[in-house]
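Everything below concerns the one structure shown next.
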Amino acid sequence: MDNITIVVPCYNEQEVIDLFYPTVTECVDQIPDCKFRYIFVNDGSRDGTLEKLRTLSAAHEDVTYLSLSRNFGKESAMMAGIDFAEGDAVIIMDADLQHPPQLIAEMVKWWRAGYDDVCAKRTDRHGETRLKRTCANLFYAAMKKFSTSYEMQRDVGDFRLLDRRCIEALKLMRENQRFTKGLFTWVGFRKKEIPFEVQPRAAGQTTWNFFSLFNLAMKGMTSFTTAPLRMMTFLGITVSCGAMVYMLIVLARALLYGDPVAGYPTLMTVMLFLGGTQLLALGIIGEYLGQIFHETKHRPIYLVDEIDGDRMIYTAERIPTERNARRR
Ligand code: UDP
Ligand code: MG
């Protein structure tokens with residue numbers, strides 16, 4: 001009998017939770033020799049999500065919920081679920097039923113065939129704006145170019161089944177600025193991609209907008225590659241060489257033809273170009289500095305306020321063992 005935990009991060013999902021549990025249970029009940037548990041992580045929702053979760057966990061023995069002390073973001077919420085998950089494997093899925101639960105059977109099949117990380121790869125990006133698609137393409141292209149040691153998986157989200165080995169590996173990475181998609185790739189192990197089509201949201205609203213996606217992309221870049229810094233060095237060298245050549249030209253011209261005061265446009269162009277390049281370089285250094293700033297504080301990734309009705313502060317380092325013993 002395999003034990004699998006399904007981790008579900010929830011932020012303002014009161015409309016879908018009641019739908020989520022029966023839909024998924026109906027699907028996974030048909031998988032032979034498998035016992036499923038659920039961990040819902042309430043990521044500081046402002047609506048009735050927590051009440052829904054309380055009711056659900058009271059009614060069903062296989063449901064646990066964690067409630068974080070505030071909104072920490074999906075990446076942190078997932079980590080909380082992963083830290084508290086028990087069993088031989090973990091499945092991460094969104095609460096909004098955009099991830100079809102029918103796929104779980106196939107994931108389990110591949111997992112039993114020996115794969116450690118079975119991830120769902122979206123086959124279409126319909127229903128997304130052209131701008132979003134172009135940006136996604138640019139991001140993947142840049143990541144592919146920059147990170148030489150391993151390749152970021154394309155069009156693969158957080159919907160995946162992870163073997164206990166991957167989970168233990170992920171738990172070792174306590175970085176604050178989490179880019180989970182990169183972390184999944186980083187840990188390695190045997191990966192299998194299975195295609196799926198993203199479903200429309202069952203209810204509620206997406207919380208991602210252009211800027212949050214841009215921020216996520218920046219986080220991904222700065223936490224997984226220092227190539228932009230290297231690029232700035234090259235740009236600096238190129239610009240300096242160009243400046244040197246131009247200086248010689250100006251000097252020679254002044255010596256040969258005298259020095260008539262002119263060249264305002266040239267001066268402006270050079271100044272603006274250099275100014276722009278410097279600001280860009282500073283900005284990129286600043287991004288990395290920001291990462292270092294956040295990481296050096298070593299704050300916990302999340303704080304748990306409540307577990308199944310118990311109100312206490314839990315962090316990953318302080319998961320109460322007697323509690324786990326009681327549950328088993
Ligand atoms: N989510 C979360 N914390 C947040 C934002 C989102 O836990 O701060 C959860 C959300 O409840 C959902 C999943 O992450 O289960 C994906 O979010 P959403 O559907 O808004 O994103 P999209 O599917 O549009 O990428
Ligand atoms: Mg969604």
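Miscellaneous remarks
- Ellipticity estimate at 222 nm from DSSP helix runs (n ≥ 4, -39,500 (n - 2.57)) divided over the chain, nearest 500: -16500 deg cm²/dmol
- Cβ charges +1 (Lys, Arg) and -1 (Asp, Glu), total dipole of the stretch 28-77, debye: 220 debye
- Förster radius 30 Å - calculated FRET efficiency between Phe293 and Thr238, Cβ distance, rounded to 0.05: 0.50
- Lys, Arg +1 and Asp, Glu -1 on Cβ, resulting dipole of the chain about Cα centre, debye, nearest 20: 1040 debye
- Top of Leu303, Leu280, Leu256 by mean-square fluctuation, Gaussian network on the chain, Cα under 10 Å: Leu256
- Sum of side-chain charges, Arg165 neighbourhood, beta-carbon under 15 Å (Lys, Arg +1; Asp, Glu -1): 0
- Where a label projected 7 Å from the Cα of Thr226 along Cα→Cβ would reach, residues of the stretch 271-293 with amide N under 19 Å: 281-293
- The protection proxy used here, the mean number of other Cβ atoms lying within 10 Å of each residue, ranks peptides 213-219, 5-11, 160-166 as follows, highest first: 5-11, 160-166, 213-219.
- Among Val7, Pro260, Gly87 the positive-end extreme of the charge dipole of the chain (Cβ point charges): Pro260
- Mean-position separation - Cα centroids, the stretch 1-76 and the stretch 207-241, in angstrom: 36 Å
- Share, in percent, of DSSP beta bridges within the chain that are antiparallel, nearest 5: 35 percent
- Taking the chain and dividing mean pair separation by its residue count, relative contact order in percent (alpha carbons under 8 Å, at least six apart): 21 percent
- A simple charge model with +1 on the Cβ of Lys and Arg, -1 on the Cβ of Asp and Glu and nothing else charged puts the dipole of the stretch 62-118 at about 100 debye relative to its Cα centre.
- Anisotropy class of the stretch 165-220 from Cα gyration tensor, a/c 1.5 cut: oblate
- Spin-label model distance (nm) - Glu61 vs Val245, 7 Å beyond Cα toward Cβ: 7.8 nm
- Annotation: peptides 95-108, 221-234, ranked by per-residue average of other Cβ atoms within 10 Å with the highest first, follow the order 95-108, 221-234.
- Of the residues Ser223, Thr25, Gln278, the one whose Cα sits farthest toward the positive end of the charge dipole of the chain, with +1 on the Cβ of Lys and Arg and -1 on the Cβ of Asp and Glu, is Gln278.
- Under the span-like rule (Cα at least 30 Å along the axis, Kyte-Doolittle mean at least 0.5), DSSP H helices of the chain: 227-257, 264-296
- For the stretch 58-136: rounded, prolate or oblate by the Cα gyration tensor [a/c cutoff 1.5]: oblate
- Ranking by accessible area, most exposed first, for Thr25, Thr207 with a 1.4 Å probe: Thr207, Thr25
- Rounded to 5, percent antiparallel among DSSP beta bridges of the stretch 27-163: 60 percent
- Whether the stretch 32-80 is rounded, prolate or oblate, judged on the alpha carbon gyration tensor where a/c under 1.5 counts as rounded: oblate
- Protection proxy ranking, highest mean first, for peptides 73-83, 169-179: 73-83, 169-179, where packing is the per-residue count of other beta-carbon atoms within 10 Å, averaged.
The values are calculated or read from the model by the stated rules, or taken from the named source; none is laboratory data. Because the structure is predicted, anything quoted here is derived from the model rather than measured. Don't worry about glycine lacking a Cβ; one is built from the backbone with ideal geometry, like all the others, and counts go over all protein chains shown. The area values use the complete protein model at the heavy-atom level, side chains included, leaving out ligands, DNA and RNA. Shrake-Rupley method; radii C 1.70, N 1.55, O 1.52, S 1.80 Å.
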